[in-house]
Number of protein chains: 2
Amino acid sequence: MQSPISTLLGIEFPLLAFSHCRDVVVAVSKAGGMGVFGAAALSPERLEEELAWIDAHIAGRPYGVDLIVPNSFSGKGEAPAATAPQVPETHRQFAAQILGQFDVDAAGLDHAMSERQSFGDNMHDEGAARLLEVAFRHPIRLIANALGVPPQLMLDLGKTHDVPVAALVGTRDHALAQVRAGVDILVVAGGEAGGHCGEVATMVLVPEVAAALDAIGDTTPILAAGGIATGRQMAAAMAMGAHGAWCGSVWLTTAEAETNPVVKEKMLAASARDTVRSKSRTGKPSRQLRSPWTDAWEAEGAPRPLPMPLQSLVSEPALRKVDKLSEGGHEGAKALATYWVGQGVGLMNEAMSAGQVVQAFKEDWIAACERLNGFLGE
Amino acid sequence: MQSPISTLLGIEFPLLAFSHCRDVVVAVSKAGGMGVFGAAALSPERLEEELAWIDAHIAGRPYGVDLIVPNSFSGKGEAPAATAPQVPETHRQFAAQILGQFDVDAAGLDHAMSERQSFGDNMHDEGAARLLEVAFRHPIRLIANALGVPPQLMLDLGKTHDVPVAALVGTRDHALAQVRAGVDILVVAGGEAGGHCGEVATMVLVPEVAAALDAIGDTTPILAAGGIATGRQMAAAMAMGAHGAWCGSVWLTTAEAETNPVVKEKMLAASARDTVRSKSRTGKPSRQLRSPWTDAWEAEGAPRPLPMPLQSLVSEPALRKVDKLSEGGHEGAKALATYWVGQGVGLMNEAMSAGQVVQAFKEDWIAACERLNGFLGE
């Protein structure tokens, strides 16, 4: 496909797959797209292992790495706060109460900071620099940042290693700030996306950003993200000014994904209405599969979610226990189980391998293009 | 353009323009699309006048009428509740306080039911039947319902007069209910739409509904709505399974529109981020241009908006006064002024006539189609 994304990344089909699962990364790259390994929460040691595995299995195909590095990053090392913040008793009790209503025992849940230490470290200078160092030791073909303008170190490393730098944006103004900073690819993500997301929908944000770049004569290529789970949506986004697509949710139900099987089944059955944009998982708005867990946090009288990263100390230990019990067949836990997913879940109705998803995207893309031409009688 | 919508409605270009302004209706129909006159809040006498004016100016081009008729409608006449509900003092005071902060005097605002009598009447059997009767006396080519499954009377009148019946839907399941009820056209409206709207984004909802219809072998044509303000978005929606587009917001900034000029200027300057989906205007979630008025209702500690139709008795008199003062140059009122608009406002950056908008849509549609073909190197 003749897209600047294909040229820049050396891939056949400009479909990028964000995934925490190395098998998905490998499968998508082998099928002609590009897997992007989500490494934000990993320790440097673990990232090294995972990338080595990918290198050994991907047959030389290009792949990328996605991190969450704050712009305030200076590369000079500023240690995390010495005293870890605490989870208030109200929030612990509220979580325990939801679990209790579904016969899940909240005893023994560890809401302490250590649980999320790697992620916390990675958000600070030292940790982020270590992850970047590991990533650039491998033959990555893309480095992506999911949090604001990438720090200069990331941009510099990209330039030195001839690796394009991508950045996620949810508004027109953030997109303009990113191109001013010098990113090579914009991932323009609408509010229907799974995980952390803004409010502007993909249908509007993509043409809005494309028009804003046109107006300043900028040609940074755009990957559309948010709600995209089919080739026809990818084609639609490209008709509006994108040069390819970046998808996360659609891989969660693939055979390769390590998604909780209970959640996989829920996702395959869900409609687009079955997600909610809520602060209840991380403290910032993120889109998730609705379950009695998310409903309880959205209900009248629920405590206000804590700021990041405290809310994760409430939700993660609870939801990890829920996942474990649900996989063992615990009915209450099965009801509560949830995970991040976008509205595109309404279009994810069939269990497929990641390679099959890429193939389905290609065929659906062509069919959409033919459908559009058909309106002109051609 | 070869679309079942063009064939069914006898129009050249399957772009429908919802507008409360008769001049917009006429201009769009004359330019090859179809104007749909929003008549939900009018008295039968006023509707008669407006449609007579349209008939006299539209040169025989097809046009439609949009109503809000509840399904519970029986055609047998059930009078509105005898005792009109009252606006609580807290809400009156909160509105007055916002106005006061912007030097707008709230004295003399009439929060009584009479203000909204026509709209209230039209939501009941007698009133709705009278409006339908007026509409079908004119050579309309489409009747649309913006509230749930149309009542049998509307479907029957459509059949008798050979006028297609369209219905707005915001979810897949509502779409399936509508086709079971026998509507002729689905207006599939995403959450980025102005006015009352659901939560599922156009980018997901359009292919989700198209797939659901395919699965049951139904061929009801789809108009995509929600956030669409350009031809490239219309093409995108049609690549995903729609057969045309239904737009409301984009006409608000046209020369013909009777939009408050202050609000027009704000809309032309706004980005897609400058809207909010809020219950503060009608009691149900509707998308509006953000202003200190909507911000105040969204803020911590604001009273919860009243249920429909009570909240309108709070907001409409206040915002009508704001409109009037702002047009006279009152700075506080100019700051507060707002109106319903979708996220597509971020793409409405140039003052045009309605006919120019239709022409721009056509050109942009073709360009989008060419862009998409270009990725295949054709």
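The values are calculated or read from the model by the stated rules, or taken from the named source; none is laboratory data. These figures come from a predicted structure and were not determined experimentally. For neighbour counting, all protein chains shown are included, and Cβ atoms are generated from backbone atoms with ideal geometry for every residue, glycine included.
For the range B:198-209, which positions are closer than 16 Å to B:Leu168 by Cβ and buried (at least 21 other Cβ atoms within 10 Å of the Cβ)? Spell out how you get there, then give the answer.
Our first condition is that a residue be closer than 16 Å to B:Leu168 by Cβ; within the range B:198-209, this holds for B:198-202, B:205-206, B:208-209.
Within the range B:198-209, B:Val200, B:Ala201, B:Thr202, B:Leu205, B:Val206, B:Glu208, B:Val209 meet the criteria.
Can you find, within the range A:139-167, the residue that is farthest from the chain's Cα centre (by Cα) among those that are surrounded by 20 or more Cβ atoms within 10 Å (Cβ to Cβ) and part of a helix (DSSP H, G or I)? Filtering the range A:139-167 for residues that are surrounded by 20 or more Cβ atoms within 10 Å (Cβ to Cβ) and part of a helix (DSSP H, G or I), the one farthest from the chain's Cα centre (by Cα) comes out as A:Gly158. Restricting the search to helices (runs of 4 or more DSSP H) fully inside the range B:197-316 and requiring at least 1 residues that are within 28 Å of B:Ala335 (Cα to Cα) and either in contact (Cβ under 8 Å) with a residue 24 or more places away in the chain or within 12 Å of chain A (Cβ to nearest Cβ) (or both) gives B:261-269, B:292-298.
Here's the yes/no breakdown for (1) touching a helix residue (DSSP H, G or I) at 6+ places or on another chain (Cβ under 9 Å); (2) more than 30 Å from A:Ile54 (Cα to Cα):
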residue	(1), (2)
A:Thr254	yes, no
A:Asn260	yes, no
A:Met267	yes, no
A:Val276	yes, yes
A:Arg281	yes, no
A:Lys284	yes, yes
A:Glu298	no, yes
A:Pro305	yes, yes
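Only a single criterion out of (1) closer than 21 Å to B:Ala41 by Cα; (2) part of a helix (DSSP H, G or I) is not satisfied by B:Trp365, namely (1). Restricting attention to the range B:271-317, the residues being within 23 Å of A:Glu208 (Cβ to Cβ) and of a type in the set (Asp, Glu) number 3.
If you go through the range B:34-63 one residue at a time, how many are assigned to a loop (DSSP other than H, G, I, E, B), touching a Gly at 6+ places or on another chain (Cβ under 9 Å) and modelled with pLDDT of 95 or more? Write out each step before concluding.
Residues of the range B:34-63 that are assigned to a loop (DSSP other than H, G, I, E, B), as a first pass: B:39-43, B:58-62.
Now drop any that are not touching a Gly at 6+ places or on another chain (Cβ under 9 Å), which leaves B:43, B:58, B:61-62.
Applying the additional criterion that residues be modelled with pLDDT of 95 or more yields B:58, B:61-62.
The number of residues fulfilling the criteria is 3.
Kindly indicate whether B:Leu336 is at pLDDT 95 or above, in contact with a Pro (Cβ under 7 Å, 6 or more places away or on another chain) and outside the structural domain of B:Gly33 (by TED's automatic domain parsing). So B:Leu336 passes the test. If you go through the range A:11-23 and keep only what is under 16 Å from A:Ile140 (Cβ atoms), under 17 Å from the mean Cα position of the chain (by Cα) and either polar (S, T, N, Q) or surrounded by 24 or more Cβ atoms within 10 Å (Cβ to Cβ) (or both), you end up with A:Leu16, A:Ala17, A:Phe18, A:Ser19. Among the residues of the range A:133-153, those that are at pLDDT 95 or above and among the hydrophobic types (A, V, I, L, M, F, W, C) comprise A:Val134, A:Ala135, A:Phe136, A:Ile140, A:Leu142, A:Ile143, A:Ala144.
For the range B:324-352: of the residues being within 14 Å of chain A (Cβ to nearest Cβ) and of a type in the set (A, V, I, L, M, F, W, C), which is surrounded by the most Cβ atoms within 10 Å (Cβ to Cβ)?
Start the filter on the range B:324-352 by keeping residues that are within 14 Å of chain A (Cβ to nearest Cβ), which leaves B:341-350.
Cutting the leftovers down to of a type in the set (A, V, I, L, M, F, W, C) gives us B:341, B:345, B:347-348.
Values: B:Val341: 28, B:Val345: 30, B:Leu347: 23, B:Met348: 25.
Only one residue tops the list, namely B:Val345.
Take the residues in the range A:353-374 that are among the aliphatic types (A, V, I, L, M) and buried (at least 18 other Cβ atoms within 10 Å of the Cβ), then tell me which one is farthest from the other protein chains (Cβ to nearest Cβ). It would help to see each step written out before you state the result.
Of all residues in the range A:353-374, those among the aliphatic types (A, V, I, L, M) come to A:354, A:357-358, A:360, A:366-368, A:372.
Now restrict to residues that are buried (at least 18 other Cβ atoms within 10 Å of the Cβ): A:354, A:357-358, A:368, A:372.
Values: A:Ala354: 20, A:Val357: 15, A:Val358: 16, A:Ala368: 4, A:Leu372: 5 Å.
Only one residue fits best here, namely A:Ala354.
Cβ separations smaller than 6 Å between residues 6+ apart or across chains give the following pairs from the range B:16-32 residues that are over 11 Å from B:Cys247 (Cβ atoms) to residues that are assigned to a strand (DSSP E or B): B:His20/B:Gly38; B:Val25/B:Ser19; B:Val25/B:Gly35; B:Val25/B:Phe37; B:Val25/B:Tyr63; B:Ser29/B:Gly35; B:Ser29/B:Tyr63.
When A:Arg304, A:Arg287, A:Arg320 are screened for being surrounded by 24 or more Cβ atoms within 10 Å (Cβ to Cβ) and either closer than 21 Å to B:Gly170 by Cβ or out of contact with any Gly (no Cβ under 6 Å at 6 or more places or on another chain) (or both), only A:Arg287 passes.
Does B:Val188 satisfy the condition of being in contact (Cβ under 8 Å) with a residue 40 or more places away in the chain and among the aliphatic types (A, V, I, L, M)? Yes, satisfied. Residues in the range A:168-196 that are part of a helix (DSSP H, G or I), within 9 Å of another protein chain (Cβ to nearest Cβ) and surrounded by 20 or more Cβ atoms within 10 Å (Cβ to Cβ): A:Arg172 alone.
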